[in-house]
């Protein structure tokens, strides 16, 4: 006896269009079921909905944007003064992030940006 009996899987399944299930590399806790793989950095993922993650809003990480990645704009004389005031010069040269930790073991697994997107870089990804 016992043939044909299927035990329920306790492994988390990704949502239909997810690229992977992301787990903490230190304690294997599931962090994300719905993520998108980075086009050029294949070990990085982005997501909006996560679990077992805590954002450290007290700490700010700054990433300087390379010159060639800055958004191209017309000559300054074509921009209105109102547009200049709305976007400080600092916002054009660096991006701000907050570190994200696994709630179970405090391993840093991602960063969180101003658009409320998680960028995972230190994870184990399981692909279906």
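Among the residues of the stretch 100-109, those identified as without any contact (Cβ under 8 Å) to a residue 60 or more places away in the chain and within 18 Å of residue 35 (Cβ to Cβ) are 100, 101, 108.
Taking the stretch 12-63 as the region of interest, the strands (runs of 3 or more DSSP E) fully inside it that hold 3 or more residues being more than 16 Å from residue 98 (Cβ to Cβ) are 21-23. Looking only at residues of the stretch 81-113 that are in contact with a strand residue (DSSP E or B) (Cβ under 8 Å, 6 or more places away or on another chain), outside any strand (DSSP E or B) and more than 20 Å from residue 41 (Cβ to Cβ), we find that the one that is modelled with the lowest pLDDT is 93. Of everything in the stretch 14-28 that is surrounded by 17 or more Cβ atoms within 10 Å (Cβ to Cβ) and touching a strand residue (DSSP E or B) at 6+ places or on another chain (Cβ under 6 Å), the residue that is farthest from residue 126 (Cα to Cα) is 24.
The values are calculated or read from the model by the stated rules, or taken from the named source; none is laboratory data. It should be emphasised that the depicted structure is a prediction, and the values quoted were computed from it without experimental measurement. Glycine also receives a Cβ, built like all others from the backbone with ideal geometry; neighbour counts cover every protein chain displayed.
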